[in-house]
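Below: one structure, written as structure tokens.
Taken together, the values in this text are just the output of simple stated rules run on the coordinates, not laboratory data. Please read all numbers here as calculations on a predicted model, not as lab measurements. Because the Cβ atoms are built from the backbone with ideal geometry, glycine has one as well, and the counts that use them run over all protein chains shown.
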Amino acid sequence: MIDVSLCRKVLLSAVLISAWQCLSSQAFALDAAAGKPQISIEKQYVAISVTVDPALQPFATLFADCLAEGKAWANKMNSDSAAEWRDNRQSFRGMQWSYDRDYTLRSVAGRYVSVVRSDAWFDGGAHPNQHIHTILWDDAAHKRVSIRPFFTETADNGPTMTALAQLAKLAVASDKLAIGIDGYGDEDKPGAAMTPEQELHQDNFINEGVKPALLEIGPVTLAPSTESGKSAGLTFQYSPYAVGPYVEGPYTVFVPWTAFRQYLSPEGLAVFGGERPKGDDNR
């Protein structure tokens, strides 16, 4: 015999769960649309946040991928700081540590979506820190990829990586000269009188930080273009310390696709085109 009372309770529970899930989903969407952190942990000794750009919501799998990665990172930071608070409380020196991760849409070029992942943190050191990583997402295959398919070959120290590394290094050198950095100690020749090649010749930070290898050339994204559905070139995102002392901060440099056209595969030729839009400097 069917227990009508029990059935009503089960039905009511299902309705309440469904309503809660709906409200939670709506609240999540509203937070994302407002650019608020989707993950936020606040304790006496640590504050942690993860924010995924609302502009990534149309790419549902990518959005979920970033959020899952961010959640795992936030949990690890929470666990590590809790252990430090328990075992070595004096290391906090009466200050709250902080960890913040942001995923920001950089560009969409055909099926490829570029994302900049930026971590900022303070864990009791002499100053806050920042690390920049990038994600290239194939929205047709629904997975993270590299720039490898865009080139005919990408062997370490091969012709493509050697050329790209040199282009990236010269771009960083140009940016350094533009802000008056002239080789660290060569006071007889001011930056305004130097070429990027001359700066590169004596700047070991750049030469050590950018290597002709796919995994060592630096975090890279596809730059937007004046031509719809295309990319105007590659943007390299270097964190503080990567190509210079911490005080110089991060460097974001652009290499136009026409500079490496000869190394492009058919896939690369389909992706790149046009010019960098005005206002995209330092993105």
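Quick notes
- Mean Cα-pair separation over length for segment 36-145, i.e. relative contact order, pairs under 8 Å, 6 or more apart, %: 23 percent
- Inter-label distance, THR195 to ARG89: 6.3 nm, where each label sits 7 Å from its Cα along the C-beta direction.
- Over segment 148-271, Cα pairs under 8 Å with separation of 6+ residues give a relative contact order of 30 percent.
- DSSP beta bridges in segment 36-145 [antiparallel fraction, %, rounded to 5]: 80 percent
- Ordering ILE41, ILE132, ILE48 from the fewest to the most neighbouring beta carbons within 10 Å gives ILE41, ILE132, ILE48.
- Listed residue pairs exceeding 27 Å between alpha carbons, taken from LYS76/LYS169; LYS36/LYS143; LYS71/LYS278; LYS176/LYS278: LYS76/LYS169; LYS71/LYS278
- Highest mean packing comes first when the peptides 137-143, 60-66, 70-76 are listed by Cβ atoms within 10 Å, giving 60-66, 70-76, 137-143.
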